[in-house]
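Beneath this line is the structure, given in structure tokens, with notes to follow.
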Amino acid sequence: MRYLRKFRLLLLGLLAYFFFVFALYWVESGAEGANIHSLIDAIWYSIVTLTTVGYGDFFPVTGLGKILGIAFILGSLGLLGLLIGRASEHFTELKERKRMGYQGTSFTNHIVIIGWNDFSREVVHQLLNSDRQVAIVTDQKDHIDLIYASFGNEHAFVLFSDWRDTSNFDKLNLGQASVVFVNLPNDTDNLIAMLNVKKVNAKVAFVVALESGDLKDTFISAGCTHVLSKNAIAARLIASYTYEPDVALFANDLITSAIYNEENEFDIQQYRITESNPFVNNSFGHAFHTLKEKYNVIAIGVCKTQNGQRKLIKVPRDETPLEQGDYLILILNGRTEIEIVREFGVREGL
């Protein structure tokens, strides 16, 4: 219906234009001293006038012709205003679409976060401290500017979309994402959102923070990679503070991302062992002593993949082999992180 109305308005405008052009030709063509002698001359005059070019090679000389000329001049103002308005509207729309994330992101190996609240904010803060890129899905428009104001757009991307509508999820570059963190108000929504994302990309890994730990098995059987209980984590940390506060303080520091290039900021990080890693096909004991002596970095574990399942070995024996594809888990500070990245040839994380 809207397009039919636009067509009618366009047709009416064309009829009015040709009426005025023909009237100008009829009035001017037989007048003494006139230079508009043909319909082509009248059309040319109307075009250069409406486009505000105004060559002056044709012009009306009769009184009625000048009145018609005024109509074209006024029409040129309307046409110019219409073109400027449409151009401005188009660029505003493009800017708004970019702001809402509809032009997509080129992030790779990034983390996708579905759902935005104070908990998501803290997670993003830690991820950006580790120099990771994050794509966030929110269904609240007022969140967009707040997120960009807090984190900028170099490492953060925001998509305004209902998490139930997966048609926009191609904008997240899910195929190149490393992990999807689902953080919605209730566990039922978390499960539905996870299943929806799996329809788009069945291979992506998931992390879900549950309100109720009772649903952990349900999420694992649905294909969730890592399931955490907010209440359980908070309870363990609080209990630790009550009877071993120094241990709790140290543990809290280690699970918090170290600030890049800071000597007094420590963190536990994992690094994939590639074929160019200096410790590939060596023993854990060799890596432990070399890293401690050379960088003051402490190796505390190894993660291996066996039969498609990840197996974490805490404080391995010295003779434990380090193979390509394993992950070496280290305690290090923000400054030595730079040296480890250079030495291993990979960044921390999956």
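The values are calculated or read from the model by the stated rules, or taken from the named source; none is laboratory data. None of the values given here were measured: they were computed from a predicted structure. Cβ coordinates were reconstructed from backbone atoms using ideal geometry, including for glycine residues, and neighbour counts include every protein chain displayed.
Here are a few things to note about the model shown:
- Meets criteria (touching a Ser or Thr at 6+ places or on another chain (Cβ under 7 Å), surrounded by fewer than 18 Cβ atoms within 10 Å (Cβ to Cβ) and of a type in the set (Gly, Ala, Ser)) for Ala205: yes
- Ser240 vs. criteria surrounded by 14 or more Cβ atoms within 10 Å (Cβ to Cβ) and either under 20 Å from Val179 (Cβ atoms) or among the hydroxyl-bearing types (Ser, Thr, Tyr) (or both): yes
- Consider region 85-124 and keep the residues that are in a helix (DSSP H, G or I) and touching a residue at least 40 places away in the same chain (Cβ under 8 Å). The one that is farthest from the chain's Cα centre (by Cα) is Phe119.
Residue-wise test of (1) part of a helix (DSSP H, G or I); (2) at pLDDT 75 or above; (3) within 18 Å of Ala16 (Cα to Cα); (4) out of contact with any Leu (no Cβ under 8 Å at 6 or more places or on another chain).
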site	(1), (2), (3), (4)
Gly30	no, no, no, yes
Asn35	no, yes, no, yes
Ile43	yes, yes, yes, yes
Ile47	yes, yes, yes, yes
Thr52	no, no, no, no
Tyr55	no, no, no, yes
Lys66	yes, yes, yes, yes
Ile73	yes, no, yes, yes
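- Listed conditions (1) modelled with pLDDT under 80; (2) closer than 24 Å to Thr336 by Cβ; (3) outside any loop (DSSP other than H, G, I, E, B) are all met by Ile268, apart from (1).
- Among residues of region 18-38 being under 56 Å from the mean Cα position of the chain (by Cα) and free of Cβ contacts under 8 Å to residues at least 40 places away in the same chain, the one that is surrounded by the fewest Cβ atoms within 10 Å (Cβ to Cβ) is Phe19.
- Boolean, Ile329 is surrounded by 18 or more Cβ atoms within 10 Å (Cβ to Cβ) and β-branched (Val, Ile, Thr): yes
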